[in-house]
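Working notes, structure below.
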Number of protein chains: 2
Amino acid sequence: MQVASDSPSTFDLEAYSCQRRQLIEERLDEYLSERKPEKLWQAMRYSVLAGGKRLRALLAMAAAEAVYLTNTASRGVGSESAVWPTVVPLCCAIEMVHAMSLVHDDLPAMDNDDFRRGKPTNHKVFGEAVAILAGDALFIMANEILVTKTPPTVDREALIKVVAELAQAVGPEGMVAGQIYDLAFTGAAEKIEKKEIYPEDIAMIETIHKYKTAAFIAFSARAGARLAGASASQLAWFGQFAEILGLAFQVADDLLDCTGNMKDLGKTPGKDQAANKATWVTCFGMEAARAKLSELEDAGLTLLDNSDLEPSSRPVLQALLQYAIHRKS
Amino acid sequence: MQVASDSPSTFDLEAYSCQRRQLIEERLDEYLSERKPEKLWQAMRYSVLAGGKRLRALLAMAAAEAVYLTNTASRGVGSESAVWPTVVPLCCAIEMVHAMSLVHDDLPAMDNDDFRRGKPTNHKVFGEAVAILAGDALFIMANEILVTKTPPTVDREALIKVVAELAQAVGPEGMVAGQIYDLAFTGAAEKIEKKEIYPEDIAMIETIHKYKTAAFIAFSARAGARLAGASASQLAWFGQFAEILGLAFQVADDLLDCTGNMKDLGKTPGKDQAANKATWVTCFGMEAARAKLSELEDAGLTLLDNSDLEPSSRPVLQALLQYAIHRKS
């Protein structure tokens, strides 16, 4: 492993993110400009424009920039901003799909959460019917944005592949499957006692995390790379790197549920424990979770050191990985 | 108007539909082959493979056949079955999206229906959480089927356009908007009294029907035509014809809610009246609804008479229009 990656990242992620986040949020604001029926569009805007880290969108953008810088390096061209118009619609679609998943997950029939990002959840404000429909609308519209706003310079075959991979990442063999497993494991200890689930199923927890969180994060990076013209080996690299990042993000989330507070998290902490959810922490303890995080960080950094990406494009990827792991909210 | 269209259709719609319905259902069964998590896939299969008229899929297929027969007529080639491989994935995607909309509409937070097609609704069997997620999964997977299973011979630009138009037809400026309006008008008389809605809003009812029902039906026909290589004027024609068919379908639905019985309908009749929904019948009465249907039938038949479609492709379109109007369930 090279020294550079072992030392703590000195990359200013906040400065990097700030400009790009603004670009994405301005575009989201434009795409979601209010129209009739007002209540529906207000509900959609409420959850998409409620802030948030925009980690998935930033990762898509960083991946696109890395591919662009790498593939144009020999020609000596290239400011990374040249690739922004190519990926901003994708970034918006990603944030809309992410918001949709949160709105539906928070519903009374699901996790029944009252707070998200420090604000009442969508159904608390707009009612359950509108929240369900706003969630549906956000996923549907994400597809529309992706195919109608991605510039015509992007290869059509690549665009179609991104639509397919989005569906695979968030559908019944991706995020939706993860949510079903998550619900199935709620009240795990009790269910093991009643033999509704078995202790060995708990070993599935990494698989569940892959479905629930990592698949969509991996999609985000791969899709950004693909629209920027990534080669097959670059795509494979981003898939691998972002899956590690995604798994780490989820383990960190499990830890934060124990150690975080309402103010930092913006949502009710301790809910996993209370609901007896199967998480890294509830199943294996905090020490094991911290060890897992450290293992994932090493794996990610090693992958980064061994990548063929243009050196100037790596610090942001390292910073995003370490942010996913060491964040406080 | 030509004599042919005025006389009752002698076209055997049941024979036409039977073969095609089987083809579509076999493919749906294959696409939705059961996998893990079982409960999710069972819930998806339950609502998609529960039978149903398959009107939207059949319309997509009839439109594709009509375009194919018309555009190959001069070359003397063409059995309409040649176009089936091109449109069957679209037909499956349409039926999955339709099933998704029914699963979500039936939820307790929405229309709170216990029966659909003579069977308990999805959430009655699988619970609310799974029903919400199965609905999400069906829409997501419909997109995947459309882009991964439509044969590579189909022009990529046309395929992307179909993805975009699907989102427009069922999203927040289509079906989802219609459902929001529908919920807003539930308890119409009482709400007019309380000045929560105004009598003039009721005039919006045709607009609501356009969003809620006709937009997706029009999409189905246009998309089938587009994948089969329709010209711009053919696309416009199918959009117009199918919107008339879709509006008629909804007025007929409103009438059936009054005149139908549980056995024929497979769902609880009289619910519109009970919930004081704003429908053609509750707002304007049964006679006005029947007059509207007759007006729509005339408009559809006139359009058909004036079309440039190959004559042999018209009887099925006429039969589908008249089925939408005169059906008993």
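Are there GluC sites (Glu not before Pro) in the stretch B:138-219 that DSSP marks as loop and that have at most 14 other Cβ atoms within 10 Å, and which are they?
Numbers: sites: B:144, B:157, B:165, B:173, B:190, B:193, B:196, B:200, B:206; in loops: B:173, B:196.
Loop-located and lightly packed - B:196.
Sort B:308, A:155 by accessible area with a 1.4 Å probe, largest first. Before the final figure, lay out the partial values.
Details: B:308 145, A:155 90 Å².
The ranking, largest first, comes out as B:308, A:155.
Hey, what do the phi angles of the stretch B:34-44 turn into as Karplus ³J(HN,Hα) couplings, whole Hz, using 6.51/-1.76/1.60 and θ = phi - 60°, x for Gly and Pro?
5, 8, 8, x, 3, 4, 5, 5, 4, 5, 5
Step by step: find N for the stretch B:153-275, compute 2.2 N^0.38 Å, then divide the Cα radius of gyration by it. What's the final number?
Working: Rg = 17.3 Å, N = 123, 2.2 N^0.38 = 13.7 Å.
Taking N as the residue count of the stretch B:153-275, the ratio is 1.26.
So who's got an amide H within less than 5 Å of the one on residue B:155, skipping anything under 5 residues away but keeping other chains? H placed 1.01 Å off N, in plane.
Those qualifying (amide H under 5 Å, at least 5 residues apart or on another chain) number zero.
Using only Cα atoms, what is the ratio of the radius of gyration of the stretch B:1-138 to 2.2 N^0.38 Å?
1.27
Work out the FRET efficiency for residue A:284 and residue B:198 from their Cβ-Cβ distance, taking R0 = 41 Å, and round it to the nearest 0.05. Don't skip to the answer; put the middle values down first.
Details: r = 60 Å, r/R0 = 1.46.
Step by step, r from the Cβ atoms, then E = 0.10.
Of all the accessible heavy-atom surface of the stretch B:188-286, with the other protein chains kept in place and a 1.4 Å probe, what percent is carbon and sulfur? Write down the numbers at each step before the final one.
On the way: 2210 of 4180 Å².
The computed percentage sits at 53.
Rounded, prolate or oblate for the stretch A:156-218? Axes are the square roots of the Cα gyration tensor eigenvalues, ordered a ≥ b ≥ c, and the cut-off for rounded is a/c under 1.5.
Values: a/c = 4.42, a/b = 3.40, b/c = 1.30.
Because a/c hits 1.5 or more and a/b exceeds b/c, the stretch A:156-218 counts as prolate.
Along the axis that rotates chain A into chain B, which residue of chain A has the nearest beta-carbon, and what is the gap in whole Å?
Value returned for chain A: A:156, 2.
Filter the trypsin sites (Lys or Arg not before Pro) in the stretch A:48-84 down to the DSSP loop ones having no more than 16 other Cβ atoms within 10 Å, then list what survives.
Details: sites: A:53, A:54, A:56, A:75; in loops: A:53, A:54.
Qualifying residues, ordered by number: A:53.
Would you mind checking the stretch B:234-275 for residues with the amide N under 17 Å from a putative spin-label position 7 Å along Cα→C-beta of residue B:291?
B:251-252, B:255
In Å² (nearest 100), what accessible area is buried between A and B, both sides summed, heavy protein atoms only, 1.4 Å probe? Don't skip to the end; give the middle numbers.
On the way: alone 14600 and 14660 Å², together 25450 Å².
Protein heavy atoms only, the A-B interface buries about 3800 Å².
Figure the gain on full extension for residue B:148 and residue B:75 (residue separation times 0.36 nm, minus the Cα-Cα span) and round it to one decimal in nm. Let's see the in-between values first.
Numbers: separation 73, 0.36 × 73 = 26.28 nm, distance 3.07 nm.
Extra length available between residue B:148 and residue B:75 comes to 23.2 nm.
Note the count of lysine pairs whose C-alpha atoms are less than 23 angstrom apart in the stretch B:201-329, limited to pairs 8 or more residues apart or on different chains.
Value for the stretch B:201-329: 20.
Shortest first and in nm with one decimal, please list how far the residue A:127 label point sits from its counterparts in the other copies (point 7 Å along Cα→Cβ).
Ordered by increasing distance: 2.7 nm.
Give the relative contact order (percent, whole number) for the stretch A:1-126; include only Cα pairs under 8 Å separated by 6+ residues. Don't skip to the answer; put the middle values down first.
Working: 87 pairs, mean separation 31.3, N = 126.
Once normalised by length, the contact order is 25 percent.
Relative to the other copies, what are the label-point distances for residue A:264, with labels 7 Å from Cα along the C-beta vector, expressed in nm at one decimal and sorted shortest first?
Nearest first, the other copies' label points are 6.5 nm away.
Counting only the heavy atoms of the protein chains, how much of residue A:141 is accessible to a 1.4 Å probe, in Å² to the nearest 10?
Roughly 10 Å² of residue A:141 is accessible to a 1.4 Å probe.
Under the Karplus relation 6.51 cos²θ - 1.76 cosθ + 1.60, θ = phi - 60°, what is the ordered set of whole-Hz ³J(HN,Hα) values for the stretch B:129-144, x standing for Gly and Pro?
With the stated coefficients, the stretch B:129-144 comes to 4, 5, 5, 4, 5, 5, x, 3, 4, 5, 5, 4, 5, 4, 4, 5 Hz.
How many percent of the alpha carbon pairs in the stretch A:52-91 exceed a separation of 14 Å?
Numbers: 342 of 780 pairs.
Counting pairs separated by more than 14 Å, the tail of P(r) holds 44 percent.
Two decimals, Cα atoms only, Kirkwood Rh: what is Rg/Rh over the stretch A:218-329?
Rounded to two decimals, Rg/Rh equals 1.04.
Of all accessible surface on the stretch A:25-98 at a 1.4 Å probe, what whole percent is carbon and sulfur? It would help to have the intermediate numbers written out before the result.
Values: 1140 of 2540 Å².
The C+S portion of the solvent-accessible surface of the stretch A:25-98 is 45 percent.
Once amide H atoms are placed 1.01 Å from N in the peptide plane, what residues at a sequence separation of 5 or more from residue A:116, or on another chain, have their amide H within under 5 Å of its amide H?
It is A:121, by chain and number.
When each copy gets a label point 7 Å from Cα toward the beta-carbon at residue A:51, what are the spacings between them in nm, shortest first?
For residue A:51, the other copies' label points sit at 5.4 nm, shortest first.
Please work out the ratio of the alpha-carbon Rg of chain B to 2.2 N^0.38 Å and round it to two decimals. It would help to have the intermediate numbers written out before the result.
Working: Rg = 19.5 Å, N = 329, 2.2 N^0.38 = 19.9 Å.
Working it through for chain B, the quotient is 0.98.
Would you kindly find the accessible area of residue A:298, with a 1.4 Å probe and non-protein molecules such as ligands, DNA and RNA excluded, rounding to the nearest 10 Å²?
Number for this one is 80 Å².
Hey, what's the stretch B:232-329 come to in accessible area per residue, 1.4 Å probe, Å²? Present the calculation step by step, with values, prior to reporting the outcome.
Working: 4050 Å² over 98 residues.
Here the residues of the stretch B:232-329 average 41 Å² of exposed surface.
Tell me which residues come under 5 Å, amide H to amide H, from residue B:78 once H is placed; ignore anything under 5 positions away on its chain.
none
Tell me, what ³J(HN,Hα) does each residue in the stretch B:98-106 have, in order and in whole Hz, if you take phi through Karplus 6.51 cos²θ - 1.76 cosθ + 1.60 with θ = phi - 60° and put x for Gly and Pro?
4, 4, 4, 5, 5, 4, 6, 4, 7
Take residue B:115 and residue A:158, extend 7 Å from each Cα along the Cα→Cβ direction, and tell me the distance between the two endpoints in nm.
5.5 nm
From the C-alpha gyration tensor of the protein assembly as shown, pull out the three semi-axes of the equivalent ellipsoid (sqrt of 5λ each), sorted largest to smallest, in whole Å. Before the final figure, lay out the partial values.
Working: eigenvalues 408, 172, 97 Å².
Values for the protein assembly as shown, descending: 45, 29, 22 Å.
The values are calculated or read from the model by the stated rules, or taken from the named source; none is laboratory data. Just so we're clear, the structure is a prediction, and the values are computed from it rather than from any experiment. Quick reminder, even Gly has a Cβ in these numbers, built from the backbone with ideal geometry, and neighbours come from all protein chains shown. Protein only, heavy atoms only, side chains kept; ligands, DNA and RNA dropped before computing areas. Shrake-Rupley method; radii C 1.70, N 1.55, O 1.52, S 1.80 Å.
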